[in-house]
Structure formats: C-alpha cells, structure tokens
Amino acid sequence: MPAKYAFRLILFILGWVSVLLGLIGALLPVIPTTPFIILAAYLFSKSSPRVHSWLTSLPYFGDAIIDWETNRVIRPRAKALSVFIIVVIFSASLIFAKIHYALKVMLVCIGLGCITFIITRKSYPDKG
C-alpha cells in the first residue's frame, strides 16, 4: 500500500475516533463534544470528502463546522448555549460529586478555560 493511502487511512480512522469521542462527550461532562467533531471534520476533509460532506450536513453540527472551517466563528447562540451547558454540568459535578478538593479546583479551571476560549472567538464572519 503506498504511503499516501496509508496516511489517508490513518486520518480516516482518527476521524472516526474523534466522532466517537465527541459522542461520548455529549454524555459526559468533562469531555468536550464540539472540538472532537471539528477535529473529525478536519481529518475527514483530508481523508474522505464523502464523510466530510456527510458530517457538515448534519443538522446540529453542520453549520457550526462550516462556520469554524471557513471563518473560525462561533455564533452567539452557540456560545450562549455552550457556556450555559458548561456552567450547569460543571456546577452539578462540583456540588454532587464526592471528589477531592484539588479535582474540584481542576474542574473549575477546565471550565473557565473552555468558557474563555468560547467567548473570545469571533461571533460573525469578517465583512470583506
């Protein structure tokens, strides 16, 4: 198998791993969903245009992936929803999980880091 095809196969497999991690992230509070789906879109764009097209046509992720790929934009509604979900899920984890204080501090730092990243991204594409 030529190296080019082996590399594309590796990217394709990593794309599906990213999709799987994104799906797991939809169910677990500490694993983020969107970055894994965006990573999967990138990997599929390099390995399988057909799967990339399918991923960008999904109702919940398609527009967000296209916005990110073309303009590095997170729309205001997505920002607000993301921040709200992070605050609710991380707060519930802090309140109800019987974990060590240091882990709670780490969880707060992760949440604040995610929120900071989200709110500092552009909300609309540049006019041009």
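The values are calculated or read from the model by the stated rules, or taken from the named source; none is laboratory data. Predicted model, so just to flag it, every value in this text is computed and none were measured. Quick reminder, even Gly has a Cβ in these numbers, built from the backbone with ideal geometry, and neighbours come from all protein chains shown.
The lone criterion from (1) within 13 Å of the chain's Cα centre (by Cα); (2) modelled with pLDDT of 90 or more left unmet by residue 31 is number (2). Looking at residue 125, is it in a loop (DSSP other than H, G, I, E, B), out of contact with any helix residue (DSSP H, G or I) (no Cβ under 6 Å at 6 or more places or on another chain) and closer than 30 Å to residue 12 by Cβ? Spelling it out, it is not the case that residue 125 is in a loop (DSSP other than H, G, I, E, B), out of contact with any helix residue (DSSP H, G or I) (no Cβ under 6 Å at 6 or more places or on another chain) and closer than 30 Å to residue 12 by Cβ.
When the range 86-127 is limited to residues that are of a type in the set (Phe, Trp, Tyr) and exposed (fewer than 12 other Cβ atoms within 10 Å of the Cβ), the one that is farthest from residue 76 (Cα to Cα) turns out to be 101. Checking each residue in the range 78-128 for being at pLDDT below 90, basic (Lys, Arg) and farther than 20 Å from residue 25 by Cα picks out only 127.
For the range 1-67, the helices (runs of 4 or more DSSP H) that sit wholly inside it and include 1 or more residues that are under 30 Å from residue 109 (Cβ atoms) and free of Cβ contacts under 8 Å to residues at least 40 places away in the same chain are 3-27, 34-47.
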